[in-house]
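Trainee: My questions all concern the structure below.
No value in this document is a laboratory result; all are computed from the given coordinates. Source: prediction; values computed, not measured. All Cβ positions, even for glycine, are placed from backbone atoms using ideal geometry, and neighbour counts span all protein chains on display.
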Amino acid sequence: MAARPYWRGQIRLALVSIPVEVYSATKSGATVAFNQIHKPSGKRIKYEKVVPGIGPVDVDEIVKGFEYAKGEYVLLDEQEIEGVKLESKKTLELTQFVDSHDIDPIYFEKPYYVVPADDLAEEAFIVLREALRRSRKIGLGQLAMRGREYVVSIKACGRGMVMETLRYADEVNKAASYFREIGDASPDDELLDLATTLIDKKTGKFDASEFHDRYVDALKELIERKKKGKTVSIDDDEKSSDPRGSNVVDLMAALKKSVGSPAAKAPAKSAKAAPANKAAPAKKAPSKQPARKRA
């Protein structure tokens, strides 16, 4: 495997230890990076690390400090920080198992792939993976990585397992403080039926490749136009419009119109896979149906 492990250690379940390697399951998407430029000269702005009254300093002279009082610091070097003893720096002990739906999705932070570290670890790895799959549970434990300790979950995924870091309770804002002003009235049954019908019409299988960052695409197009010296017109329509809408919308009429509109139909892929709405002659050759051509 070409990628470097993000973490090496062992998963421990009671008296069983399984050497594993953990790899990041995600990567940064396409972005457009900007630099700060001094407009009169066209040169890039740079930053220096300086000490008031002393001036620029060498990177080798910089250490980490914790401010325990105004202007008073405890200084720590990297060796002292790395020397903090935590068993979870090398061992992920699974201390609890829960149903996946017991954890609110808002707590999940970042996924990682988990694989056995060597052939000797593979048997125990497979046993744990299949036990998690059969029980439909996820394991929980704590793991120290790169300067902090995380709560993590482990679950089966294909031939391997996925580990996800979780946010601590004090890192999640309580929803009640944001939702308390929303009324608790029950919706009109007909409106609810229309909204449900609209959702059903637009339901399809998730395919991540169908989505891409349109903002990045638009920025790249803007940059290309500027490079070629083309005039760029700025559309002020969105700036001047009120995002809440200027007219009172008839919700019933809008839902009825949405349900009947072409845009409310199932995604194109689903339509190709099952073109049931098109009337076809009963004795047409099956090979002429698009859905049966697809592998």
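Trainee: I need the phi-derived Karplus couplings for segment 124-138: 6.51 cos²θ - 1.76 cosθ + 1.60, θ = phi - 60°, integer Hz, Gly and Pro marked x.
Mentor: 5, 4, 5, 4, 5, 4, 6, 5, 5, 5, 5, 7, 6, 10, 10
Trainee: Treating only the Cα positions of segment 1-42 as identical point scatterers, give the base-10 log of I(q)/I(0) from the Debye formula at each q in 0.27 Å⁻¹.
Mentor: -0.98
Trainee: What residues have an amide H closer than 5 Å to that of residue 10, excluding those fewer than 5 places away on the same chain, when H is modeled at 1.01 Å from N in the peptide plane?
Mentor: The answer is 20, 91, 92.
Trainee: Same structure again: If the viscosity is 0.890 mPa s and the temperature 25 °C, what Stokes-Einstein diffusion coefficient in µm²/s follows for segment 1-75 when Rh is the Kirkwood radius over Cα pairs? Intermediate results must be reported in sequence, preceding the final value.
Mentor: Working: Rh = 18.8 Å.
Roughly 130 µm²/s, to the nearest whole number.
Trainee: Place a point 7 Å from Cα of residue 87 in the direction of its Cβ. Which residues in segment 1-20 have their backbone N less than 20 Å from it?
Mentor: 8-20
Trainee: Suppose R0 equals 41 Å. What FRET efficiency, 1/(1 + (r/R0)^6) with r the Cβ-Cβ distance, do residue 66 and residue 27 give to the nearest 0.05? Numbers along the way, then the final one.
Mentor: On the way: r = 33 Å, r/R0 = 0.80.
Computed FRET efficiency for residue 66 and residue 27 comes out at 0.80.
Trainee: Can you divide the C-alpha Rg of segment 14-154 by 2.2 N^0.38 Å and report the result to two decimal places?
Mentor: Computed over Cα atoms of segment 14-154, the ratio equals 1.57.
Trainee: Sort 147-156, 168-177 by packing, meaning the average of other beta carbons within 10 Å per residue, with the highest value first.
Mentor: Details: 147-156: 17.6, 168-177: 9.0.
With the highest mean Cβ count within 10 Å placed first, the list reads 147-156, 168-177.
Trainee: Okay, moving on. Given a cut-off of under 8 Å on Cα pairs at least six residues apart, what relative contact order in percent is computed for segment 1-133?
Mentor: Relative contact order of segment 1-133: 35 percent.
Trainee: Set the Förster distance to 35 Å, then compute FRET efficiency between residue 189 and residue 135 from the Cβ-Cβ distance, nearest 0.05. Mind dumping the intermediate values first?
Mentor: Details: r = 40 Å, r/R0 = 1.14.
So, using R0 = 35 Å, E works out to roughly 0.30.
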